[in-house]
Amino acid sequence: MLLLKGISLEHSWFYYNLLLLPFHFWYCQAIDGQAGNILQRANRVNENLKKSYLTNGDFHQIKNCLSQHQIVKKLVGFKTNLNHFDHLYGKLYKECTSIYASGSTSSGIYPIWLKERFQFTYVYCDMELVSTKKGWTTIQRRMNGEINFERGWDDYVRGFGNPSSEYWLGLENMYRLSRQITTATVLGMIDIQSPAIGFDLEDWDGMNVFVQYTYFWLESKATNYLLNVRGLSRTFWNYFDTAPIYESEFSTPDKDNDDDNNAHCARDRKSGWWFHSCFEANLNGAYPKYKQKMKWENILWRGWQYINNNGTALRFVSMKLYHTVVEP
Ligand SMILES: *[C@@H]1O[C@H](CO)[C@@H](O)[C@H](O)[C@H]1NC(C)=O
């Protein structure tokens, strides 16, 4: 109890018996409290599992494979090999595609396991999108102007809003989500299977487009979550030669990483985005008023007038990922 700050042991099956305390003490000393942190997360996993969509059978199976001794062993392994956990939590859903495949075919909020972060996050799974691909993991959504998107770097990294309405999943989560699905190659290398990304756009006149890229991934924080998209395909409509999406670093009003040396796009556009030179897309701009025309300072998709020559503002936008899950 003394050593495990902030954890309610009564409710925890991670209870450390006396035999393990000396070890735990050493461990906490050795890595400066990191173990406690990991344990807190592990405890949250437990709580989340109980509440989540997993069946009791699933829950007990996971619980059983994690005896206290194993946990301690795994904690040691954690420092050197995250894949230990991946193995233990192999049964957890890591994206909406496999949730759909498991039979949960209604759209809604589901917990997914971010394996590199060792935690759950809640996302809105779009199971209804008219596409041959079913089960899209929503990473951004605007629908009613309820959430303020004029925010700084820390908020954009961490994420904000509410998966039941408007939200931004956070750059760190998006980065991890873009590298969730890995396969081991013959040579023992890890191959990352980048998800597809879709931009779901609809204006006040009801005109809609789904712009899809075959591959999406973000670089890490070290390169300011540089956006990578490949393989533009156009479903539903055939208007764009290119989409106004640029492979730029992420900028916020308090952090200028855009590609234009003479501008600070994020400050002018009052939001975070992968800005190139301020006039392309910005799905995080201010939410437009009813039936308004599209404006630079609002949610922006350059070239929308080719879709709807009224130039009507976008009232619904959403970014979602589709992971092709390879069955082991
Ligand atoms: C453009 O606006 C006009 C007038 O409000 C409307 O009748 C028309 O349906 C709109 N165009 C589209 C594509 O919705």
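When Ala243, Ala266 are screened for being in a loop (DSSP other than H, G, I, E, B) and either within 16 Å of the ligand (Cβ to nearest atom) or surrounded by 17 or more Cβ atoms within 10 Å (Cβ to Cβ) (or both), only Ala243 passes.
Taking (1) out of contact with any Phe, Trp or Tyr (no Cβ under 7 Å at 6 or more places or on another chain); (2) within 16 Å of the ligand (Cβ to nearest atom) in turn, Tyr213 satisfies each apart from (2).
A single member of Leu177, Leu201 is touching a residue at least 60 places away in the same chain (Cβ under 8 Å) and within 16 Å of the ligand (Cβ to nearest atom), and it is Leu201. Sub-8 Å Cβ pairs linking a first residue in the range 97-123 that is touching a residue at least 24 places away in the same chain (Cβ under 8 Å) to a second residue that is assigned to a strand (DSSP E or B) and exposed (fewer than 15 other Cβ atoms within 10 Å of the Cβ), at least 6 apart or interchain, are Tyr122/Ile109; Val123/Ile109, ordered by first then second residue. Put simply, of Pro195, Pro253 the only residue that is within 19 Å of the chain's Cα centre (by Cα) and touching a residue at least 40 places away in the same chain (Cβ under 8 Å) is Pro195. Taken as a whole, the structure places Met207 among residues that are assigned by TED's automatic domain parsing to the domain that holds Arg269, surrounded by fewer than 17 Cβ atoms within 10 Å (Cβ to Cβ), under 30 Å from Lys289 (Cβ atoms) and within 16 Å of the ligand (Cβ to nearest atom).
Only one entry in Ile139, Ile147, Ile112 is part of a strand (DSSP E or B), modelled with pLDDT of 50 or more, β-branched (Val, Ile, Thr) and touching an Asp or Glu at 6+ places or on another chain (Cβ under 9 Å), namely Ile112.
Out of curiosity, is Leu227 within 16 Å of the ligand (Cβ to nearest atom), under 20 Å from Ser271 (Cα atoms) and either in contact with a strand residue (DSSP E or B) (Cβ under 7 Å, 6 or more places away or on another chain) or in the same structural domain as Tyr110 (by TED's automatic domain parsing) (or both)? So Leu227 does not fit the description; no.
The values are calculated or read from the model by the stated rules, or taken from the named source; none is laboratory data. Treat the numbers as computed from the prediction; the structure is a model and nothing was measured. Every residue, glycine as well, gets a Cβ built from its backbone with ideal geometry; the counts of neighbours run over all protein chains shown.
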